[in-house]
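One structure below.
Coordinate-derived values only; no laboratory data. Computed from a predicted model, the values in this text were never measured in an experiment. Here the Cβ positions follow ideal geometry from the backbone for every residue, glycine too, while neighbour counts run over all protein chains shown.
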Amino acid sequence: MRFLTNLSSSNTLEGIPWEFRGLAPAQAISNKSYRDKWINDPNTSWHVFSMWEGINGTARIRKRAGEDLDDNPPSLCYGFVADYDTPLTDEEIAGSFERFKPYVPNYMGRSLSGNVHLLWVFDRPIKVGSYQLAEEFLKIAGDRLKVALSLPCFDTGFFDVAKYYTNGGQWFVTNEVPISSAVGVGWLIKAASQIKWSERGYNVPLSIVHEELKKRPDFLKHWADIDFKLDAQGPTFWVADSTSPKSAMVKESGIYTFSSNAPKDFYTWGELIGFSFVDQYRANHIGAAVEGVHFDGRNFWREITRGDWKSFNKDDILHYLRVVRELAASKQKEEVASELDMAYEHIIDHHNIEGAAPFVFKTPGALLVNGKPFLNTHTARVCRPVAQPVEWGHPDQFPWLSRFFGSPGTVSLDPALPRFFKGGHAALDTFISWLAHFYKSGYELNLSSGHNVFIAGPRNLGKTMMNHLVIGGLMNGSREAKDYLMGEDAFGAELFSVAHWVVDDGSMSTSSYAHRLWSEMIKKMAANKTFRYHEKFRTPLQVDWQGRVVVTLNGDEESARMLPDMERSLVDKIEMYLTEDTPTVDFPESGALRQIIDRELPYFARFLLDWKTPEHCVEKRPNGTVDYRFGGIKPWHDPALVKHANQSSRTNGFVEILLDWKETYFTLINSNVVDAKKITSWTGNAFQLRKAICEASSAAADVLRGTDNSDIGRSLAQLKAKDFRVVSDDTGPVRVWTIFKD
């Protein structure tokens, strides 16, 4: 169950109402004016509960969008709250339980004012998913529970799904048997039957008919003083010779007449207000019914009540259009197709899509990608930020996270405070800039490319915690991606439903191929924007994905193999951070830590939204303009990690051989040669280099056994990409390499 810390909060936390115990200020108990001001103060930390949870579970249920706030309909119902605005005695409450039967409340609580809260709890929460359905559900529940009849001063806020109740902190068990969720589902089905998606096709709403009829002088003359409603009676106004004052009766689809002067006894609305008007109305009705239904060539897609998109077969979607959207399955006289048939063909012809897939943190629903229609099934949102401005280190906002990271260079705090990363404020400023760009673009539903990140350091410093709980919490989830990135998962569709991929404290295969594949995938996930999305049993699609891969690793040599090759085409696509050697904070047990981070993340999110990238963190091109490919962020590369990466790279073994050969070769060839005539470079093709190395050292020849000329050529190309003193000449029939002494 979810609760607010005060009535000004937009973010909810996890907590059970009857388990809450707190000590409110004395004035909050004795003084209503003070209590109202206190519980609405954004700085108050209390328990303001609801038996409902929104589609966005961490956000407050809101019935309509306010300033800078999204609509958040209800999703789950845990039970019901009845509030009685009078100080009833315990005996009066106990005496009412006989009247409540068979649904005796499960808990009785006292509000801060001393009045009564009664709670009914389901054995399992019930999915509802919309305001209209929730409101109908509450009407039926209120009737079945007899909430208005069993005790005096019943508060009708019971029927407001968006209402939150201030916890009094005093609770008593009154009935240990919860209401069966099966009973609740029965009530929900009854509630659903009360909902109308649209007016029936040719049964045009009487209010609309009335407005059209008022344009006719003969109608106004005879019906001006008659209440135009179902079964109302009046003159047959369209027949000139009819004089009876009650010869016509209003029905759903037209008017019956008993006038002997009328040629027939029933006139449709088309005949009375115009066929073109009724046809247009009917077209609008069918159009509204098919809205939000899509066809991918195999399955139909529609949004279900909790806000997710789901696929259905033909029979399912026809049943939905007939029952929920109320389209007629039978064709009318002289028509070639029913409303249901026309709607089905319209969906096939005009609501077809290339496919349905998650386009993470893009506008949900139908969208165009390279001119082709797709359905974006991703409906998640990033962590909802608080509305008010925040300060780094403020004790009431995100103090634990502030201490964990240390102080950015833009914040006026003690510069001697420990920081999470080595590299001083420059490293932390860059990381905050990277995280702010990631979060902001997701918040704006315009996720854009950024660097992939490697974070290395000793154990038990919080690397994995930060990766999952902080970054993952901000971006609404993470997925472990190592198998996919190493080519061991041919599908990986579930990964593309989140923007944050993690690889935690793993080890890399010792094979050169595995490391090359790993480096290439890290580069690809940052450089590319479109990827193959293959959900099992579905046709593969190309989807946009501009998320991040964040790798955490320990500081030992074995873990360093997780670092990719630092070739020129990759180095601008990654960031590499090294943590300090000691923790910056004390870590509570995991449950308490989660609560701290859940509470502080909305404040940290606001800090990130308001963050301005410092000038020293901005990536610029040689001409001085900002390079916005990865959010305009200059990538951070910790020098020690760069060294580790180069030493652990797949080309490092060849580098050792080449350096040893260079020393031997240039020493021998320049012996007894004056400085002005000494040789400073070697030139030849890959075969000639291999032969020269093998001739110079039998040990090197043993190491190179099994390699061929192409292996030597690839290694030289990779060294060139890392700014090693190697150049190539491709003008001849074979590539010629020049290797410099220094």
Worksheet item: By how many degrees, between 0 and 90 and to the nearest 10, does the Cα long axis of helix 686-696 differ from the longest principal axis of the chain?
Response: 50 degrees
Fill in: Relative contact order [Cα under 8 Å, 6+ residues apart], the stretch 651-740, whole percent
33 percent
Practice prompt. With an 8 Å cut-off on Cα pairs and a minimum separation of 6 or more residues, tell me the relative contact order of the chain in percent.
Written response: 9 percent
Practice prompt. Grab the beta carbon distance between D349 and H534, set R0 = 22 Å, and tell me the FRET efficiency rounded to 0.05.
Written response: 0.20
Discussion item. Can you give the log10 of the normalised intensity I(q)/I(0) at q = 0.14, 0.15, 0.16 Å⁻¹, computed with Debye over equal Cα scatterers of the stretch 399-643?
Written reply: -0.95, -1.10, -1.27
Discussion item. Under a crude label model (7 Å from the Cα following the beta-carbon direction), how far is T89 from E663 in nanometres?
Written reply: 9.9 nm
Worksheet entry | Theoretical ellipticity at 222 nm over the chain - DSSP helices of four or more residues, -39500 (n - 2.57) apiece, nearest 500 | -10000 deg cm²/dmol
Fill in: Potential lengthening between K678 and S330 on full extension [0.36 nm per residue; Cα-Cα distance subtracted]
115.5 nm
Worksheet item: Quick one: if you stick a label point 7 Å off each Cα along the C-beta vector at T731 and D711, how many nm between them?
Response: 3.2 nm
Worksheet, complete the sentence: Taking every other residue with Cβ under 14 Å from the Cβ of A24 and scoring Lys and Arg +1, Asp and Glu -1, one gets +3
Worksheet entry | Sequence-distant residues sharing a close amide H with S111 (under 5 Å, placed H) | V116, H117
Worksheet item: Roughly how tilted is helix 275-290, in degrees to the nearest 10 and between 0 and 90, from the longest Cα axis of the chain?
Response: 40 degrees
Worksheet item: Between their Cα atoms, which of K524/K634; K573/K620; K643/K678; K573/K643 are more than 23 Å away from each other?
Response: K643/K678
Practice prompt. Give, as a single signed number, the net charge of other residues whose beta carbon lies under 10 Å from the beta carbon of S150, with Lys and Arg counted +1 and Asp and Glu -1.
Written response: +2
Discussion item. Rounding to the nearest 10 and keeping the result within 0 to 90°, find how far the Cα-based axis of helix 314-323 lies from the longest principal axis of the chain.
Written reply: 40 degrees
Fill in: Pairwise Cα inverse-distance average, inverted: Kirkwood Rh of the stretch 206-277 (Å)
12.1 Å
Worksheet entry | Estimated FRET transfer efficiency when R0 is 60 angstrom, pair F724-F312 (beta carbons, to 0.05) | 0.55
Fill in: Positive minus negative residues near S45 (Lys, Arg vs Asp, Glu; Cβ under 11 Å)
-1
Discussion item. I'd like the projected area of the chain, averaged over all directions, using the convex hull of its alpha carbons. Report it in nm² with one decimal.
Written reply: 48.5 nm²
Item to complete: Any chance you could run the full-extension gain for D227 through T464? It's 0.36 nm times the residue separation minus the Cα-Cα distance, nm to one decimal.
Response: 78.3 nm
